[in-house]
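The values are calculated or read from the model by the stated rules, or taken from the named source; none is laboratory data. Computed from a predicted model, the values in this text were never measured in an experiment. Note that each Cβ is placed from the backbone with ideal geometry, even for glycine, and that neighbours are counted across all protein chains shown. For accessibility, only protein heavy atoms count, side chains too; no ligands or nucleic acids. Shrake-Rupley method; radii C 1.70, N 1.55, O 1.52, S 1.80 Å.
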Amino acid sequence: MNLSKRDFLQVMASATAAGMALSRYAEADAATAEKGLYELPRFGNVSLLHMTDCHAQLKPIHFREPSVNLGLGSMRGQWPHRVGEHLLKAAALRPGSAMAHAFSCLDFETASRRYGKVGGFAHLATLVKRLKASRPGALLLDGGDTWQGSATALWTQAQDMVDAAKLLGVDVMTGHWEFTYGMDRVKQIIDTDFKGRIEFLAQNVKTNDFGDPVFKPYTLREINGIPVAIVGQAFPYTPIANPRYLVADWAFGIQDDNLQKVVDEARGKGAQLVVLLSHNGMDVDLKMASRVRGIDAILGGHTHDGVPVAVPVRNPGGVTLVTNAGSNGKFLGVMDFDVKGGQLVDYRYRLLPVFANQLRPDREMDALISKVRAPYEARLGEKLAITEGLLYRRGNFNGSWDQLICDALMDVQGADIAFSPGFRWGTSLLPGDVITRELMMDQLAITYPYATLTEMSGETLKTILEDVADNLFNPDPYYQQGGDMVRVGGLSYTMSPAEKMGARIGEMRLNGRPIEAGKTYKVAGWAPVAEEAKNQPGVKPVWEHVETWLKAQGGRVKPRRINTPTLVGTQGNPGMIAA
């Protein structure tokens, strides 16, 4: 497909109109707002609905978008590396509107109290049913990170989310955090719960011994007479970002050469439209779109980027549209294609915020959620403290939730320094909100939650920070293998993101004194990827330490002083809100 400037401006105009509509209905009752906001005119002859990275959030939540999402080099100021006013200007969204609140962190507390919570599977189900009813044959695609991120998902071994996905009407899925339940559990769900209901696709996961496909690579569906191929792309760095022992028999990778073969095969079997359901992350998807021919669109996830437009990328075969649909059940992507003469000729894309106040909850889904939560309600609802400050996680370098975790680990374990992984998932709390066990677990619920206490040299500390920084800021997206920067408590440092590997970290200090390369420091952490960590004497899950700390705060947690590095060379970057 060739995208003209007129087409692109038309898409931008549509996004602007959507923002105006959301503002107009912001104060309406749910039934009126639902009809006004979410009744999209039908377009074309193939429609795909896309959700990703919900991280097991069955109930409506608050989620703050990042204030720092740096793009460097050729990606400076490009999607998805725009935040705050830069994002609003690029997407033609009016400041202060509901759409501005959905896509940016600006005035987050005020806007959250005005527009309410987002997501929730009962509200999402209502929206999915509405859109499927208006778009015959539409499929719902799930980009993964669905089974992990909440206490109930952890305690039920993902069964709550599996049941919810089936009821929601998911048709096709790929994965990432799903694999942290282990190979046996993943295969059990796919072979039993999903059988005949949901296709789990991943062209880039093979067996270690013979290189055989572990999962079906693609599916070919006919939608309104159009043969449509959907290819799955699981997170390529699962054994690096997460414990390898959980997927010991499987090999992952980007594998774009194999992807080209899969696309060619699907085209050879008659596919007139080819879509990649990806969990690569948007920067990786943008590079992949420039290298692999024959993909009409990439519906992406992993990096939690709520990008309001489809980004066209040219390659030797034409143009591939790249999207990323946010996280936490906050958005639903709607991609309408017009296929004529055996090829894509036009499209419309919307990334719809799921405002819980403006969508009536689906009764059947609401009942299921109540049922799966019932055995755990007392544990989930236990009050641990009240937060006096805003608690959030998302951002390249730190958030107040991770600062709380670092502070807790240092205090409870008597450490000089604390590291917390740069996870992107985790809900947000407003000042005055009660921190329940459920909301604490939203930040900590993983299958390898072990807290650690390790003696490290100053040299090792720098090596760790340099390694993680390169995972985040390597100029080649194919070498960006993790989440955001490791969060650091106690230790201050400078960061030069645009420098080369080994030269980004400087001025490391503890209590104002320079870190000495040969000196040993006591470092707390959690979520170790090494299998032996769980067998260490006296090891506890991280939530025990954090809960102990919360209960020791006298009922109220003061606003956290967020420890972020001093950045060098990033002034004026559109991926950062000026302090």
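Figures for the structure shown
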read-out	value
Loop sites in segment 523-579: trypsin sites (Lys or Arg not before Pro), DSSP, at most 13 other Cβ within 10 Å	Arg561
Evaluated at q = 0.23 Å⁻¹: base-10 log I(q)/I(0), Debye formula over Cα of segment 315-389	-1.16
Square roots of five times the Cα gyration tensor eigenvalues for segment 515-555, Å	24, 19, 8
Convex hull volume of the chain per residue (C-alpha atoms, cubic angstrom)	146 Å³
q = 0.20 Å⁻¹, segment 377-439: log10 I(q)/I(0) [Debye, one scatterer per Cα]	-0.87
Candidate lysines - alpha carbon under 19 Å from Lys340, same-chain residues fewer than 8 apart omitted	Lys269
Stokes-Einstein diffusion coefficient of segment 531-579, Kirkwood radius over Cα pairs, 25 °C, 0.890 mPa s, in µm²/s	160 µm²/s
Cα gyration tensor shape for segment 61-150, rounded if a/c is under 1.5, else prolate or oblate	prolate
Amide H within-cut-off set for Met576, under 5 Å, with H built and near neighbours excluded	Asn69, Val83
Distant-in-sequence amide H partners of Lys540 (H built 1.01 Å from N, under 5 Å)	Ala451
Modelled FRET efficiency - R0 35 Å, Leu167 with Thr32, Cβ distances, 0.05 increments	0.85
Extension gain, Ile240 back to Ala92 (0.36 nm per residue minus Cα-Cα distance, nm)	49.5 nm
Accessible surface, per residue, of the chain when the full set of protein chains is kept, probe 1.4 Å, Å²	37 Å²
Filter on Lys330/Lys500; Lys59/Lys206; Lys462/Lys551; Lys117/Lys383; Lys166/Lys206 - keep pairs with C-alpha separation over 28 Å	Lys330/Lys500; Lys59/Lys206; Lys462/Lys551
Per-pair calculated FRET efficiency, R0 = 41 Å: Val529 and Ser134 via Cβ, rounded to 0.05	0.35
Alpha carbon convex hull of segment 281-425, volume per residue in cubic angstrom	191 Å³
Where trypsin sites (Lys or Arg not before Pro) fall in DSSP loop in segment 242-305, at most 12 other Cβ within 10 Å	Lys269
Label point distance in nm, Asn315-Lys540, each placed 7 Å from Cα along Cα→Cβ	5.0 nm
Where only C-alpha atoms are counted, convex hull volume of segment 114-230 per residue in Å³	130 Å³
FRET efficiency, Arg42 to Arg197 (Cβ-Cβ, R0 30 Å, nearest 0.05)	0.70
Paired Rg and Dmax values of segment 398-541, which use every Cα atom, in angstrom	15.7, 44
Gained length - Asp476 relative to Arg360, 0.36 nm times residue gap less alpha-carbon distance	37.4 nm
Relative compactness, segment 242-364, computed as alpha-carbon Rg over 2.2 N^0.38 Å	1.21
